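Data first, discussion second: the structure below is written as structure tokens.
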Amino acid sequence: MLDFELNQKQNKSIQEFINLANKKGATYLQYRDKINLHDIKLKNLKLIRRLWDRTLIVNDDIELAKYCDGIHVGQDDLNKINSNKQKSIQYIRSKIGRKILGLSTHNIKEVKEANLLDIDYIGLGAYRGTKTKKVNNILGKKLPQIAKYSKKPVAAIGGVRVDDQIEHIDFLVIGTNIYY
């Protein structure tokens, strides 16, 4: 995951991050930017798209999904759209079509709810504490057991390291702090 704010704090450019992601063999890149305005995010996404020829996912911003291969949203994002998660996902699907749609989950209840939604994968976590956001629920060794409840591919999120090997996980979302 290329977290713009953390990348900036570490005084690294987008190009440096992408070079490291390539070196580590990443196949997906998620762009997370909680501080910039829409125009700057768009400019950054266009730069990333020029430098990155594999799957690109944007975090949270439905309007930016058209410049990517998909979008990843959180539980709070769904609640902002509609208190009914099914309706929220339907709305997002109406905007992005069949692009990749991922949803963050944090417990068995959310995983089971996600099984009923028109999404492509779940992010499950946080695995560990992370510098990219405040985490109230660290799953640690419980994460593989919770992942078994998913009928969707599962990505481990939150504090994941390149060398982590977690059972019942289809892929890892590695944060910016892992590369530097």
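The values are calculated or read from the model by the stated rules, or taken from the named source; none is laboratory data. What you see is a predicted model; the values in this text were computed from it and never measured. Every residue, glycine as well, gets a Cβ built from its backbone with ideal geometry; the counts of neighbours run over all protein chains shown.
Here LEU124, LEU101 are screened, and the one residue that is among the hydrophobic types (A, V, I, L, M, F, W, C), buried (at least 17 other Cβ atoms within 10 Å of the Cβ), at pLDDT 95 or above and under 14 Å from the mean Cα position of the chain (by Cα) is LEU101.
Sort out which residues of the range 70-113 are within 24 Å of VAL135 (Cα to Cα) and among the basic types (Lys, Arg), and write them in order of number. Within the range 70-113, LYS80, LYS85, LYS109, LYS112 meet the criteria.
Considering only residues in the range 1-46 that are touching a Ser or Thr at 6+ places or on another chain (Cβ under 9 Å) and aromatic (Phe, Trp, Tyr), the one that is farthest from GLY70 (Cα to Cα) turns out to be PHE17. Within the range 118-174, the set of residues being hydrophobic (A, V, I, L, M, F, W, C), without any contact (Cβ under 8 Å) to a residue 24 or more places away in the chain and not in a loop (DSSP other than H, G, I, E, B) comprises LEU172 only.
For the range 64-104, the tally of residues that are among the β-branched types (Val, Ile, Thr), in a helix (DSSP H, G or I) and closer than 23 Å to LEU47 by Cβ stands at 1.
Considering only residues in the range 1-54 that are free of Cβ contacts under 8 Å to residues at least 12 places away in the same chain and among the basic types (Lys, Arg), the one that is surrounded by the most Cβ atoms within 10 Å (Cβ to Cβ) turns out to be LYS9. The residues in the range 133-149 that are surrounded by fewer than 21 Cβ atoms within 10 Å (Cβ to Cβ) and within 17 Å of the chain's Cα centre (by Cα) can be counted, and the count is 5.
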